[in-house]
Amino acid sequence: MAKGLYIHIPFCIKKCAYCDFVSFTSGDFQKYLDMLFLEMEKYKGEEIDTVFIGGGTPTVLSAEQLERLFEKVNSTFNILPDSEITVEANPGTLTVDKLKALKKSGVNRLSIGVQSFNDNELKVIGRIHSSKTAIDTINLAKEYFDNINIDLISALPESTKESFFATLKTAVSLGVQHISCYSLILEESTPLFKKYEKGELNLPDEDLEREMYDFAVSFLEEKGFNRYEISNFAKSGKESRHNLKYWNTDDYIGLGISAHSLISGVRYENTCDLEKYLSGEFLENSFSLTDKDRKTEYIIMRLRLKDGIDETEYKNRFLNDFYNEFKDINDKYINLGLMKREEGKVFLTLEGVSLSNTIMSEYV
Ligand code: SF4
């Protein structure tokens, strides 16, 4: 089976206040690409059917560097016809030259980090762009691409029901094909968390957060977006094939600083230290997943999907009957109306989604 390929570009113009991803505001892009190309050699000839260039902000690279990256990807791997090839971009970093370079290189999907169309919220979370810049970027991108995701964040500081609804309405009006909408997670190492500790953040409470999520589901479904994963909504046929590999726990190769790979039941974790990476010390850790690890990971990831656990696939993978193996947990949540079993699938109901962490933890 062909694998997914993830490539991490760890550079951004400015660090956002909520971000704990491995990304730097300065660095030698050329040197980083050279080391990335060296790392790629380990996987020469691998069959790939999804590529995702993420970060960081991959579109801080120049048009020439982006072209060179794809030339190397295409000459190293066996990229199958009809592969999904996505690049992450940020408003304010996409130019006509870069869009042309991406198109010419075979990219067929863009994922644009917008987070909100409210200028006040954007300012509080330290984004480099305004709402207008985001709208202009999306409109420009649409001249070159017909498969565009935008990332949004709900429950941002200062957000209200009205501002969140307005953001969603703007997103839909722009005619994109996919919307990811995760709730804000306050990561301990971030400036936003420090503000939170000092009591300086005006955050929506849990009830409002839940209301925002319910509105997103009903509004986006009414507009033709299917909630195929807890936080991901797509027009028919525009689901992210690359991310589905993660949710299906299928094999993928991750390259670049902090990237992870999953290959034949072994997880590989690259270093998060830029100096080490640039000196050619790519791998930090690797370990074989036990059968129990593989099962648990599969159940937790698949429960994120609207389709949930496919009982036939579970039997093929683990030579066991999912429903009976976890009968007590399955019966309990089905009786509570938080899960359902239909047509060989076991999945969370919408009510179950709000308790997903608790439910998932019972399978561990
Ligand atoms: S643009 Fe993305 S990766 Fe870069 S700092 Fe902001 S959230 Fe983090």
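What follows is calculated from the coordinates using simple rules that are stated; it is not laboratory data. The structure presented is a predicted model; accordingly, all values stated were derived computationally and were not measured. Note that we place each Cβ from the backbone using ideal geometry, even for glycine, and neighbour counts take in every protein chain shown.
Considering (1) assigned to a helix (DSSP H, G or I); (2) of a type outside the set (Gly, Ala, Ser); (3) in contact with an Asp or Glu (Cβ under 7 Å, 6 or more places away or on another chain), say which one Glu67 fails and leave the rest.
Every condition holds for Glu67 apart from (3).
Among the listed residues Ser286, Ser354, Ser279, which satisfies the condition of being surrounded by fewer than 16 Cβ atoms within 10 Å (Cβ to Cβ) and in contact with a Lys or Arg (Cβ under 8 Å, 6 or more places away or on another chain)?
Ser286
Can you work out which of the residues in the stretch 335-364 that are in contact (Cβ under 8 Å) with a residue 12 or more places away in the chain and part of a helix (DSSP H, G or I) is nearest to Ile230 (Cα to Cα)?
Val353
Any residue that is surrounded by 15 or more Cβ atoms within 10 Å (Cβ to Cβ) and within 16 Å of the ligand (Cβ to nearest atom) - is there at least one of those in the stretch 78-87?
yes
Can you tell me which residue within the stretch 97-111, out of those that are part of a helix (DSSP H, G or I) and basic (Lys, Arg), is nearest to the ligand (Cβ to nearest atom)?
Lys98
Can we say Tyr252 is crowded, with 20+ Cβ neighbours inside 10 Å and closer than 21 Å to Arg109 by Cα?
Judged against the criteria, Tyr252 is a match.
Go through the stretch 112-133 and count every residue that is basic (Lys, Arg) and either in contact with a Gly (Cβ under 9 Å, 6 or more places away or on another chain) or within 16 Å of the ligand (Cβ to nearest atom) (or both).
Residues that pass the stated criteria total 2.
Every residue, every condition in (1) crowded, with 20+ Cβ neighbours inside 10 Å; (2) of a type in the set (Asp, Glu); (3) closer than 25 Å to Asp49 by Cβ; (4) under 21 Å from the mean Cα position of the chain (by Cα), yes or no:
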{"position": "Gly92", "(1), (2), (3), (4)": "no, no, no, yes"}
{"position": "Thr95", "(1), (2), (3), (4)": "no, no, no, no"}
{"position": "Asp119", "(1), (2), (3), (4)": "no, yes, no, no"}
{"position": "Ile125", "(1), (2), (3), (4)": "yes, no, no, yes"}
{"position": "Leu140", "(1), (2), (3), (4)": "no, no, no, no"}
{"position": "Asp146", "(1), (2), (3), (4)": "no, yes, yes, yes"}
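Ser173: in contact (Cβ under 8 Å) with a residue 24 or more places away in the chain, within 21 Å of Ser131 (Cα to Cα) and surrounded by fewer than 19 Cβ atoms within 10 Å (Cβ to Cβ), yes or no?
Judged against the criteria, Ser173 is not a match.
Please verify whether Lys3 is more than 16 Å from the ligand (Cβ to nearest atom) and either more than 18 Å from Ser258 (Cβ to Cβ) or over 19 Å from the mean Cα position of the chain (by Cα) (or both), treating the condition exactly as stated.
yes
So how many residues does the stretch 39-68 have that are away from the ligand (no atom under 16 Å from the Cβ), under 22 Å from Ile263 (Cβ atoms) and in contact (Cβ under 8 Å) with a residue 12 or more places away in the chain?
Residues flagged as away from the ligand (no atom under 16 Å from the Cβ), under 22 Å from Ile263 (Cβ atoms) and in contact (Cβ under 8 Å) with a residue 12 or more places away in the chain within the stretch 39-68 amount to 12.
Of all residues in the stretch 16-38, count the ones that are charged (D, E, K, R), touching a residue at least 12 places away in the same chain (Cβ under 8 Å) and more than 9 Å from the ligand (Cβ to nearest atom).
Summing the residues that are charged (D, E, K, R), touching a residue at least 12 places away in the same chain (Cβ under 8 Å) and more than 9 Å from the ligand (Cβ to nearest atom) in the stretch 16-38 gives 2.
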